[in-house]
Amino acid sequence: MLFPFKTPKILKGSFPSMEWEKKDEKLHLTFDDGPHPTITPWVVELLDKHEIKATFFCVGENALLYPEVIELIKSKGHQIANHSHNHLNGWKTNNKKYFENIELANHTLQSNLFRPPYGKIKSSQRKVIEKEYR
């Protein structure tokens, strides 16, 4: 059973340039924080069994530890995306360090699609990322 979650209007209003809804009727599956050496292959196998594609928001340091899992994700036609190099909390990280961490992950993951860890990102960080990664 799915439980629909509606994003509060105040949040949408505070970040009008962010994408909050898809206009198509497709379901977009995403997975964060991997790759993990046992869980991610299990998820990929399950998705493959049902002919489902997903986006994996990977942490750069995990990708360096488990490159074979990154290759598995790619080989099955899934998308790799950036979830920072060390899973930094944007609210607790100065901008310079935050951007360097994203770039380090970009170097490893080769993806400009970014999701902030914990969903926490400063407005100043968001503005730069929107400009740089669109």
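The values are calculated or read from the model by the stated rules, or taken from the named source; none is laboratory data. All figures in this text were calculated on a predicted structure; none of them were measured in a lab. Don't worry about glycine lacking a Cβ; one is built from the backbone with ideal geometry, like all the others, and counts go over all protein chains shown. All accessible areas refer to the heavy atoms of the entire protein, side chains included, with ligands and DNA or RNA removed. Shrake-Rupley method; radii C 1.70, N 1.55, O 1.52, S 1.80 Å.
Accessible area per residue was computed with a 1.4 Å probe on protein heavy atoms; S124 scores about 50 Å². Build a GNM of the chain with springs between Cα atoms under 10 Å apart, and of G119, G77, G34 the one that fluctuates most is G119. Gaussian network model of the chain, Cα springs within a sub-10 Å range: biggest mean-square fluctuation belongs to which of L88, L27, L65? In the Gaussian network model the winner is L27. Charged side chains reduced to their Cβ positions (Lys and Arg at +1, Asp and Glu at -1) give the chain a dipole of some 780 debye around its Cα centre. Projecting the Cα atoms of Q79, H107, G119 onto the dipole axis of the chain, where Lys and Arg carry +1 and Asp and Glu carry -1 at the beta carbon, places G119 farthest toward the positive end. Here's how it looks for I80: its modeled amide H is under 5 Å from those of F56, which are all 5 or more places away or on a different chain. Here the chain has 57 percent of its accessible surface on carbon and sulfur atoms, given a 1.4 Å probe and all protein chains in place.
Sorted largest first by accessible area at a 1.4 angstrom probe radius, with every protein chain in place, the residues E130, E45, E51, E100 fall in the order E51, E45, E100, E130.
Ranking of L113, L47 by solvent-accessible surface, largest first: L113, L47 (1.4 Å probe, protein heavy atoms only, all chains present).
With the simple model of a label 7 Å out from the Cα in the direction of the Cβ, K74 to K96 spans 3.3 nm. Entry note, the chain: the mean residue ellipticity at 222 nm calculated from DSSP H runs of n ≥ 4, each adding -39500 (n - 2.57), is -12500 deg cm²/dmol after division by the residues and rounding to the nearest 500. Residue pairs exceeding 32 angstrom between C-alpha atoms, taken from K76/K96; K26/K96; K12/K96: K76/K96; K26/K96. Rolling a 1.4 Å probe over the heavy atoms of the protein chains gives region 65-116 an accessible area of 55 Å² per residue.
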